[in-house]
Amino acid sequence: MKGERKYIFILVGIALLYLIAEIASPKKINWTVTLNENDKNPFGSYLIMERLPDLFDNVEHSYLTIYELADSLAGNLFILSESFSPSDEDTKSLLKFISKGNNAFVSSEYFGKSKLLDTLDLTVKNLIFDQNLINGLTMTDTLLVNFTNSQLRHNAGYPYEKSTISNYFEELGSSVVVCQLTTGEPVLIKLKIGEGHLYLSTTPLAFTNNYLLIEDNNEFVSKALSYLPNEKLHWTAYYQTGRLESQTPLRYILSNDSLSITYYLVIISLLLFIVFEVKRRQRIIPIIEPPKNTTLEFVGTLGNLYYQNSNHKNIAEKRIAFFTEKLRSNYYMKNKDWSEEFMNEVAQKTGNDIASTKVLFAQISKIRNSSSVDERDLNELSKSLDNFKFN
């Protein structure tokens, strides 16, 4: 028992020391772009999710496609994603939703080659391929964004790192420019569709935690969303995260760095404890010989005894008795007269030919009617009985 306690104390001590070291060490910042509404990392959208109730009276959130939401949508639709390439069904549902007098705000860095852009006569171009723009921006790492509406315009513009904004709208169709770079490239446009409006933006990172905390950039987000009426707003994250799987305690543990490390450490410690305990307690398993079947040895010894005493008659009668008992127990055949009809029936039921069957019964009758049996008769009887088959 003392040995077990020693191992337990060692493992628990190691786990506690590691956990304390993890908690005390500075947490590394995760710069992965997630746009997740629950993510407090720089490129999560926790802050905008917290701010939306200040801008809209009713805010809903889901992980469903536009097509799936079509029958229940009303008011405003908000989509924030790195890439927005809706299917044909989603595009039809979106345009139908807007044409009924509703509004949609989609902010995505890439729009792909979707039916939506073709329908609206829009094209998106990457800043990298605009050589004139690149030449003009080589001296700075910052891009400035501002509104075209003079009432919303910021004196200096809203600053973003050059890597934050990669694309702009090149062909605008019937759209109106709402925001643009200070060099003139549109990054937020407005389209009138039926009775409603569609707002498309190429600056999704502007809505993340990191940029909402820089200078007046939170003002940029508020002004951009102010174009939407104060009606119910539905945010679907399907186009960024897909269908979010249900949360479980284990999923929560594994999603947290400190908890997941502790979890795996406990599992490894338990496995090591089991291995050491099994190795320490394991004993040599003795080989137990199975009990021997001595029946055949006994029969052989008894037969040798009769044979050595030349008691051939006794041996023959015992073999005959065994034969007749087998006929009775297996085939329910008992006939003391052993008639012709009986021998034919024995041959038929046991699968032996009639000739060998009659020879066997003749040998049995001879031995039974003799007062003594010599070795030759015993051997012939034994041979016939050994060759006799039982189905």
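The values are calculated or read from the model by the stated rules, or taken from the named source; none is laboratory data. Since we're looking at a predicted model, the values are computed, not measured. Neighbour counts run over all protein chains shown; Cβ positions are idealised from the backbone, glycine included. Note: accessible area is taken over every heavy atom of the protein model, side chains too, but ligands, DNA and RNA are not part of it. Shrake-Rupley method; radii C 1.70, N 1.55, O 1.52, S 1.80 Å.
Counting only heavy atoms of the protein chains, get the accessible area per residue of segment 323-391 (1.4 Å probe) and round it to a whole Å² value.
Values: 4480 Å² over 69 residues.
Dividing the accessible area of segment 323-391 by its residue count gives 65 Å².
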Item checked: Ranked packing of 60-69, 263-272, 29-38, 99-108, most packed first, by mean Cβ within 10 Å -> 99-108, 60-69, 29-38, 263-272
Margin query: Please compute the modelled spin-label separation between Arg328 and Glu215, points set 7 Å along Cα→Cβ, answer in nm with one decimal.
Written below: 11.6
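Estimate the FRET efficiency between Asp71 and Ser226 by the formula 1/(1 + (r/R0)^6), using the beta-carbon distance for r and 35 Å for R0, to the nearest 0.05. Numbers along the way, then the final one.
On the way: r = 28 Å, r/R0 = 0.81.
Efficiency for this residue pair is about 0.80.
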Notebook entry, point to check: With every protein chain present, what is the per residue accessible area of segment 117-236 (1.4 Å probe, Å²)?
Noted result: 45
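Would you tally the net charge around Thr208, using a Cβ to Cβ cut-off of less than 14 Å, leaving Thr208 out, and scoring K and R as +1, D and E as -1?
Numbers: positive: Lys40, Arg51; negative: Glu37, Asp39, Glu50, Glu82, Glu109, Glu161.
Residues near Thr208 contribute -4 overall.
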Checklist line | Burial order of peptide ranges 348-357, 185-194 (average beta-carbon count within 10 Å, highest first) | finding: 185-194, 348-357
Next item on the list: Give the distance, in whole Å, between the Cα centre of segment 166-199 and the Cα centre of segment 340-375.
Entry: 112
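Report the gain in length on full extension from Glu82 to Ser166: 0.36 nm times residue separation, minus Cα-Cα distance, nm rounded to one decimal.
Values: separation 84, 0.36 × 84 = 30.24 nm, distance 1.10 nm.
Roughly 29.1 nm would be gained on extension.
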